[in-house]
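Working notes, structure below.
The values are calculated or read from the model by the stated rules, or taken from the named source; none is laboratory data. As the structure is a prediction and not an experimental result, all values here were calculated from the model. With ideal geometry, Cβ positions are generated from the backbone for all residues, glycine too; neighbour counts draw on all protein chains shown. Areas reflect the complete protein model, heavy atoms only, side chains present, ligands, DNA and RNA absent. Shrake-Rupley method; radii C 1.70, N 1.55, O 1.52, S 1.80 Å.
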Amino acid sequence: MLALERIHLTYNPGTVREMGLFRDFSLDVPQGQYLSVVGSNGSGKTSMLNLLCGSLMPDAGRVLMAGKDITGQSEHVRARNIGRIHQNPAMGSCAGMSILENLALSGSKQKKMNLLPAVDRKQVARYKEMLAPLGLGLENMLEARAGNLSGGQRQALALIMAAMTPISCLILDEHTAALDPKTADTIMHLTDSLIHEKGITAIMVTHNLRYALDYGNRIVMMHQGQIVLDESDENKQALRLEKVLGLFNEISVECGN
């Protein structure tokens, strides 16, 4: 289980730009759940992800993983158990390193550092086996620099890298927003397959309402630091796009968008 418990968060406290975002905010994500999160700009979606990943600390409240309080844990320590895919494909891999080097580095993130070579050539066959099902030809490009890949190829590589080692949760931060529609669909299919194959907990923030309804077994809509819609399983399946879009538009008009 991953949870935020009675979170309080204020930006720019004590200044004219002070903004209280979260007031006694709580969210529980059970083990194995695939949660889609939608909401207007400024609703708190990314702040929520940052709190979970440790790049943002709450003013009060707790962050829990499997019942353990990890509120004070640093971002790099949490990264051993929480994988994160960002909106910008360039953030998921090192541009100056080859695909092979990126995979080797990612596969070693839970191991102790030593002076042995980072790339184990004995793993090449396994890496090719991991990449081949993507259908993007990456298995034949192991020596290519990650920075020379297309956005879709790089995001697919980031997904594979995030789940190479055992993780408790996968955070998807609008990870298809920078891609063209066809490539975005490909990445969503890959994401869905990966989540179900690994059986990991996933939290996906997206502005694509169709993706939010088609993927996952729970949907949450946020507005001004609060949850205004929360449906799971059969209730989520029964939701129609028109209803979710209507509520989303109502919120957007209220916000002046």
Tell me whether the range 110-117 contains one or more residues that are open to solvent by less than 70 Å² (accessible area, probe 1.4 Å) and either at pLDDT 90 or above or farther than 24 Å from I82 by Cα (or both).
no
If you go through the range 66-89, how many residues are assigned to a helix (DSSP H, G or I) and open to solvent by less than 50 Å² (accessible area, probe 1.4 Å)?
3
Matching residues, the range 29-59, being open to solvent by 40 Å² or more (accessible area, probe 1.4 Å) and touching a His at 6+ places or on another chain (Cβ under 7 Å)
D59
Output the helices (runs of 4 or more DSSP H) that fall wholly within the range 175-257 and possess 3 or more residues being surrounded by 13 or more Cβ atoms within 10 Å (Cβ to Cβ), or say none.
181-198, 209-214, 241-254
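Residue by residue through the range 126-152, note down the ones that are over 19 Å from E197 (Cβ atoms), open to solvent by 70 Å² or more (accessible area, probe 1.4 Å) and either at pLDDT below 90 or assigned to a helix (DSSP H, G or I) (or both).
Of the residues in the range 126-152, the ones over 19 Å from E197 (Cβ atoms) are 137, 140-152.
So of that shortlist, the ones also open to solvent by 70 Å² or more (accessible area, probe 1.4 Å) come out as 140, 143, 145, 148.
Listed by number, the residues that qualify are N140, N148.
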